[in-house]
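Only one structure is covered here, and it is reproduced in the block below.
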Amino acid sequence: MQKIAWLSDIHLNFLTRQELEQFTQKLSGFDADSFLIGGDIGEGPSVSEYLSYLESQLKRPIFFVLGNHDFYHSSFKQVYVEIYKLVANSKYLKWLPKVGIVELSSNTCLIGHGCWGDGRYGDFFNSKLEVMDTWLIKDFAHMDKTRLSHKLHELGDEAGGFFQFHFLEALQHYKKVLVLTHVSPFIESAWYRGHTSDDDALPYFACKAAGDVFRKITRDYPDRNITLLCGHTHSPGEVHIYDNLLVKTAGAKYGKPEVQEILVVKNKNNG
């Protein structure tokens, strides 16, 4: 049996050094064999440093994806290069888009990708929601809405392509699949301030390209059990997309990171 601590949207850059040390001491005290972090760990210039610090303190496997904040004040390419270097020389840091399928037990595996709000849900062109991504991520600089739409579609399609391959393969070999994302792939799990997101927020709060892949493939495997963990919107919720597809969305508050849940993965003989 394994115990896995799930966290999301921890935003460590909002903590003082003392608060960071206290938080990692708290994490170290959890009865957990490994950790899942669902993105928004820090910001572009700091995310690698925070991951290195967590590794040095926890000394247990840390499976993670990146969130939108992890690219602030930087670019996709720059952050990716730094993360690739970091995990290549790391014992415990496991970047899920690079790792692919992780076997947790003989009948359970883990896969993950950050996803991105791809502008396909809601009313993108009439949305009045101002998101900081468009100001603080260099790749979005000086884009009008048409160009931004194309870029968001590209990011969503990349996530959808990842899951098209890895989710399908996972279901072919494992009875239970645990999925970690940052952005919700579904409208139903894009909770915002206690409710599902409206047409203004949905373009940025859910990834339709990934959601379409999950819906299509899951229907072909009714005997599999899938649990998907996401965050991004800081508002907690839980919903069954299908009887065998449960989505849990993390709640979060800036400056107050916490463990969402301790997940228990049993060996095949134990259920």
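Each reported figure results from applying straightforward, stated rules to the coordinates on display, with no laboratory input. Quick caveat: nothing in here was measured; it's all calculated off a predicted structure. With ideal geometry, Cβ positions are generated from the backbone for all residues, glycine too; neighbour counts draw on all protein chains shown.
Exposure proxy for Asp144, Asp33, Asp40, Asp157: other Cβ atoms within 10 Å of each Cβ, ordered fewest to most, give Asp144, Asp33, Asp157, Asp40. Of interest is the spacing of the C-alpha centroids, which for the range 1-65 and the range 222-251 amounts to 22 Å. Pairs Lys91/Lys248; Lys98/Lys253; Lys26/Lys59: which exceed 20 Å Cα-Cα? Too far apart for the 20 Å limit: Lys91/Lys248; Lys98/Lys253. Stretched out straight at 0.36 nm per residue, the stretch from Arg219 to Gln25 would grow longer than its current Cα-Cα span by 65.6 nm. When its C-alpha radius of gyration is set against 2.2 N^0.38 Å (N residues), the chain gives a value of 0.95.
Among the GluC sites (Glu not before Pro) within the range 63-148, those in coil by DSSP and having at most 11 neighbouring Cβ atoms inside 10 Å are Glu130.
In the range 2-270, the DSSP beta bridges split such that about 35 percent are antiparallel, to the nearest 5. Long hydrophobic helices in the chain, taken as whole DSSP H segments with a C-alpha length of 15 Å or more on their own axis and mean Kyte-Doolittle hydropathy at least -1.0: 47-58, 76-88, 145-173, 208-219. With the alpha-carbon atoms of the range 57-206 aligned to their principal axes, the span from lowest to highest coordinate is 48, 32, 28 Å, starting with the largest. So if we plug the beta-carbon distance of Asn267 and Asp199 into 1/(1 + (r/R0)^6) with R0 = 51 Å, what FRET efficiency do we get, rounded to 0.05? For R0 = 51 Å, the calculated efficiency reads 0.70.
When Phe124, Phe71, Phe140 are sorted by how many other C-beta atoms sit within 10 angstrom of their C-beta, beginning with the fewest, the order is Phe140, Phe124, Phe71.
Mean sequence separation of contacting Cα pairs (under 8 Å, at least six apart), scaled by the length of the range 46-111, corresponds to a relative contact order of 34 percent.
Estimated from helical segments only, the mean residue ellipticity of the chain at 222 nm is -10000 deg cm²/dmol, where each DSSP H run of four or more residues counts as -39500 (n - 2.57). The stretch between Lys85 and Lys138, if pulled fully straight at 0.36 nm per residue, gains 17.0 nm over its current Cα-Cα span. Using a 4.7 Å Cβ-Cβ cutoff, the cysteines of the chain lacking any partner cysteine are Cys109, Cys230. In a DSSP loop and with at most 16 other Cβ atoms within 10 Å, the trypsin sites (Lys or Arg not before Pro) in the range 174-206 are Lys175, Arg193.
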